[in-house]
Amino acid sequence: MKKKKALKPVNKRAKKLEEKEVFGMSDDISTSMPIGCTTIFDTGWETNPRPETPMSNCLSSARDFTSCSGPCWWPAQTPDNITNFPDFQNQCRAIEKDWRNLNFVIKR
Amino acid sequence: MQKFRIAENRMFHADGHDFLFLTGSSAIFETDPDIKDILEQGFRAGELSREEFFSRMSGSDEENREFFEEIVNRGVLVKANSEAFARTTGTEQGAIPLKTLVLHVTEACNLGCRYCYHSQNGHAPGKTGRTMSSEVAQQAIDFLFEHSGSLEEVILVFFGGEPLMNFNLIVFAVKYARDKALEKGKKVSFAITTNGTLLTDKAIRFLHENKIGITVSIDGFEEAHDRFRRFPDGTPSYQVILPRIKNLLRLEREKPVVARVTVAGDSGDVPEILDHLLDLGFSEAGFAPVTTPDTSYQLNADGMNKLLDQFGNLSDKFLEIARQGDFFGFTNLIDLLVVLHEGEVKNYPCGAGLGLFAADPEGRLYICQRLTGESSCYMGDIFKGFDQGKIGTFREQAEIGQRNLCRTCWVRTICAGGCYHEAMVREGGLTKSNLHYCDWIKTWVDMGLAVYARLTLECPEYLEKLSMLRGHAPLFSQVI
């Protein structure tokens, strides 16, 4: 079997699909829903407990960036539930419904 | 492990180039010639994981990965367990603003066209019927603006019967709607569909001065027209409308004046009819098979095939003329090409019951002008408001995802099941799919794709012009 083949977008919809690669649209492009932001619920942006960069910063930042949506990237400031607030999410069983319970935490 | 399958598609060719239409997104790509083989070889078994796909490819890992990402990103491959249908969002009750209101300014008509669907609704053509009062028109216009949400522009359509039989009401409604638009800071545009018999100098002047979009129902040259379009006493109408239409078409116009031809019986000589209408000075002419349960007027299979052949010939002619950069007003093809160019994904066949409703002379609301008076399509009235429950049920049932028979059809995002009125008359249910013309639609869209591909290769800017002609904004602010 041969290898790489090209698809050249022709109509406007196809050109928008081209944009999708840049801006990160969901699979179902007919609803044109951007992924990232509030449309999916990733687990937290945990702080890095290790003494290396990024110190106290995002853990698994690489994975976070896969869900960023082009210019739409805006990480929520979520308490880390690995190092400091392990029970943070307990008040929120189903995040789609219970996210209002999350509230905020004060650093101890 | 995540498996992938090939998304529903239609491959087509033009002048040695290969193209791919993806049903789910209505995206069209030009492809390398052997992508079809690759996909078919790779996915002969149906579903493959990424790793299985790589194992069947001969390229380097890097090349395979790039190729795989390309076809996944563009939707050629989809997750095997993904829903073929995404639920339409935003069609829940009341979420869609009202854009177009069709006013049945009168049920009366001075013609008695033999195939007229209004005769099936109990309004015998040629007889008098209810007439809309200025109070109802005023309330209807208020209703339109009130329900237009954040839309900047609304459209008011005058329909009948023969709307010009209630000319004074139209004059009133246009003035009232203009004042209302000023008050609300919106735009209003107007359209009328007329049989042409009452296009007096006064009426023409009024329509022209008010930039009202005009559609004339006319079936072609004299012999074709007079076959079915006659006065109730049997007198033919062509010679009556001809001088009036000439007066109308003589004027410089800001809005196109279009002809709408009902194709009935055998399909007649469509190319000759189109030439005749364009020679008269119409901007465009569109053709539609008659909607009737009466088999003496319906197009039979031979008639539909002949119509398709004639559409094919006209498409060839359109292409020839487009290559010269000129315009050929064959509405059916222009509409199809614009749908293809925009990549519209239709979850509903048309705007009826979404952004468009029709009001009868007493202000009762129906999903469209063709189904006015049909109790199952009654959706409230302009005084008490929409019946949101019924509208919600209709939208739920009408959506393409609910049409099991359309599930595997590659053309479903263009056809979406077809005209509700046609479905009611021919299939026995408003939201049934029009199975009697499936093959016809598929062949016609194939013809459209072929023309589209050639235009893409030879004069892509022409497609952009057609799109703009239909009011679409240019992509990425390109200036043509």
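Just to be sure before I move on: is residue B:435 surrounded by fewer than 19 Cβ atoms within 10 Å (Cβ to Cβ), touching an Asp or Glu at 6+ places or on another chain (Cβ under 7 Å) and within 28 Å of residue B:319 (Cβ to Cβ) in the structure I sent? Walk me through it before giving the result.
Details: surrounded by fewer than 19 Cβ atoms within 10 Å (Cβ to Cβ): yes; touching an Asp or Glu at 6+ places or on another chain (Cβ under 7 Å): yes; within 28 Å of residue B:319 (Cβ to Cβ): no.
No: the conditions fail for residue B:435.
Taking segment B:65-83 as the range and being modelled with pLDDT of 85 or more, more than 8 Å from chain A (Cβ to nearest Cβ) and outside any helix (DSSP H, G or I) as the test, only B:77 passes.
Do you know which of the residues in segment B:429-462 that are among the hydroxyl-bearing types (Ser, Thr, Tyr) and part of a helix (DSSP H, G or I) is farthest from residue A:14 (Cα to Cα)? If you could, list the steps in order and put the result at the bottom.
Filtering segment B:429-462 down to residues among the hydroxyl-bearing types (Ser, Thr, Tyr) leaves B:431, B:433, B:437, B:443, B:452, B:456, B:462.
Still in the running and part of a helix (DSSP H, G or I): B:437, B:443, B:452, B:456, B:462.
Values: B:437: 28, B:443: 23, B:452: 14, B:456: 13, B:462: 18 Å.
So, considering only residues that are among the hydroxyl-bearing types (Ser, Thr, Tyr) and part of a helix (DSSP H, G or I), the one farthest from residue A:14 (Cα to Cα) is B:437.
Taking the criterion of being surrounded by 18 or more Cβ atoms within 10 Å (Cβ to Cβ), touching a strand residue (DSSP E or B) at 6+ places or on another chain (Cβ under 8 Å) and within 14 Å of chain A (Cβ to nearest Cβ), would at least one residue in segment B:459-472 satisfy it? So far as segment B:459-472 goes, no, none of its residues is surrounded by 18 or more Cβ atoms within 10 Å (Cβ to Cβ), touching a strand residue (DSSP E or B) at 6+ places or on another chain (Cβ under 8 Å) and within 14 Å of chain A (Cβ to nearest Cβ).
Is it the case that some residue within segment B:133-143 is over 30 Å from residue B:348 (Cα atoms), among the charged types (D, E, K, R) and at pLDDT below 85? No, there is no match, as no residue in segment B:133-143 is over 30 Å from residue B:348 (Cα atoms), among the charged types (D, E, K, R) and at pLDDT below 85. Of the candidates B:226, B:266, B:219, B:279, the single residue that is touching a Ser or Thr at 6+ places or on another chain (Cβ under 9 Å) and surrounded by fewer than 22 Cβ atoms within 10 Å (Cβ to Cβ) is B:226.
Per-residue answers, yes or no, for (1) in contact (Cβ under 8 Å) with a residue 60 or more places away in the chain; (2) surrounded by fewer than 23 Cβ atoms within 10 Å (Cβ to Cβ):
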residue: B:130; (1), (2): yes, yes
residue: B:141; (1), (2): no, no
residue: B:145; (1), (2): no, yes
residue: B:172; (1), (2): no, yes
residue: B:175; (1), (2): no, yes
residue: B:181; (1), (2): no, yes
residue: B:207; (1), (2): no, no
residue: B:212; (1), (2): no, yes
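Does residue B:1 qualify as being touching a strand residue (DSSP E or B) at 6+ places or on another chain (Cβ under 9 Å) and over 13 Å from residue B:76 (Cβ atoms)? The answer is yes for residue B:1.
Just checking, which of B:207, B:242, B:249 is under 16 Å from residue B:279 (Cβ atoms) and out of contact with any helix residue (DSSP H, G or I) (no Cβ under 7 Å at 6 or more places or on another chain)? Can you show your working first?
Working: B:207 fails: under 16 Å from residue B:279 (Cβ atoms); B:249 fails: out of contact with any helix residue (DSSP H, G or I) (no Cβ under 7 Å at 6 or more places or on another chain).
From the options B:207, B:242, B:249, the qualifying one is B:242.
Of all residues in segment B:86-109, those that are in a loop (DSSP other than H, G, I, E, B) have Cβ atoms under 9 Å from Cβ atoms of residues that are of a type in the set (Ser, Thr, Tyr) and modelled with pLDDT under 55, 6 or more apart or on another chain, in B:86/A:30; B:86/A:31; B:87/A:31; B:88/A:30; B:88/A:31; B:89/A:31; B:90/A:31; B:95/B:89.
Here is a list: B:325, B:363, B:329, B:351. Which entry is among the small types (Gly, Ala, Ser), touching a strand residue (DSSP E or B) at 6+ places or on another chain (Cβ under 6 Å) and closer than 24 Å to residue B:469 by Cβ?
Details: B:325 fails: touching a strand residue (DSSP E or B) at 6+ places or on another chain (Cβ under 6 Å); B:363 fails: closer than 24 Å to residue B:469 by Cβ; B:351 fails: touching a strand residue (DSSP E or B) at 6+ places or on another chain (Cβ under 6 Å).
So the residue among B:325, B:363, B:329, B:351 that is among the small types (Gly, Ala, Ser), touching a strand residue (DSSP E or B) at 6+ places or on another chain (Cβ under 6 Å) and closer than 24 Å to residue B:469 by Cβ is B:329.
Note on segment B:8-34: residues that are crowded, with 21+ Cβ neighbours inside 10 Å and among the aliphatic types (A, V, I, L, M) total 4. Within segment B:366-385, can one find any residue that is closer than 30 Å to residue B:21 by Cβ and more than 16 Å from the chain's Cα centre (by Cα)? Within segment B:366-385, none of the residues are closer than 30 Å to residue B:21 by Cβ and more than 16 Å from the chain's Cα centre (by Cα). Annotation note: of B:356, B:405, the sole residue that is modelled with pLDDT under 90 and surrounded by fewer than 21 Cβ atoms within 10 Å (Cβ to Cβ) is B:405. The test for being part of a helix (DSSP H, G or I), modelled with pLDDT of 90 or more and crowded, with 16+ Cβ neighbours inside 10 Å does not hold for residue B:393. Tell me, yes or no, whether segment B:148-164 has at least one residue that is surrounded by 23 or more Cβ atoms within 10 Å (Cβ to Cβ) and farther than 19 Å from residue B:357 by Cα. Taking every residue of segment B:148-164 in turn, at least one turns out to be surrounded by 23 or more Cβ atoms within 10 Å (Cβ to Cβ) and farther than 19 Å from residue B:357 by Cα.
Only a single criterion out of (1) more than 9 Å from chain A (Cβ to nearest Cβ); (2) surrounded by fewer than 16 Cβ atoms within 10 Å (Cβ to Cβ) is not satisfied by residue B:48, namely (2).
Among the residues of segment B:244-263, not one is closer than 16 Å to residue B:292 by Cβ and exposed (fewer than 14 other Cβ atoms within 10 Å of the Cβ). Please determine whether any residue of segment B:230-243 is modelled with pLDDT under 95 and either among the charged types (D, E, K, R) or crowded, with 18+ Cβ neighbours inside 10 Å (or both). Yes, that holds for at least one residue.
Taking the conditions (1) touching a residue at least 40 places away in the same chain (Cβ under 8 Å); (2) in contact with a Cys (Cβ under 9 Å, 6 or more places away or on another chain); (3) buried (at least 19 other Cβ atoms within 10 Å of the Cβ) in turn, residue B:325 satisfies each one other than (3). The set of residues in segment B:320-355 that are within 14 Å of another protein chain (Cβ to nearest Cβ), outside any loop (DSSP other than H, G, I, E, B) and out of contact with any Ser or Thr (no Cβ under 7 Å at 6 or more places or on another chain) comprises B:336, B:337, B:339, B:340.
Just one of the listed residues (B:302, B:326, B:269, B:294) is among the acidic types (Asp, Glu) and under 30 Å from residue B:457 (Cα atoms), and it is B:326. Here residue B:382 clears all of (1) of a type in the set (Val, Ile, Thr); (2) within 14 Å of chain A (Cβ to nearest Cβ); (3) surrounded by 22 or more Cβ atoms within 10 Å (Cβ to Cβ) except the condition numbered (2).
The values are calculated or read from the model by the stated rules, or taken from the named source; none is laboratory data. It should be emphasised that the depicted structure is a prediction, and the values quoted were computed from it without experimental measurement. Here the Cβ is made from the backbone with ideal geometry for all residues, glycine too, and neighbour counts use every protein chain on show.
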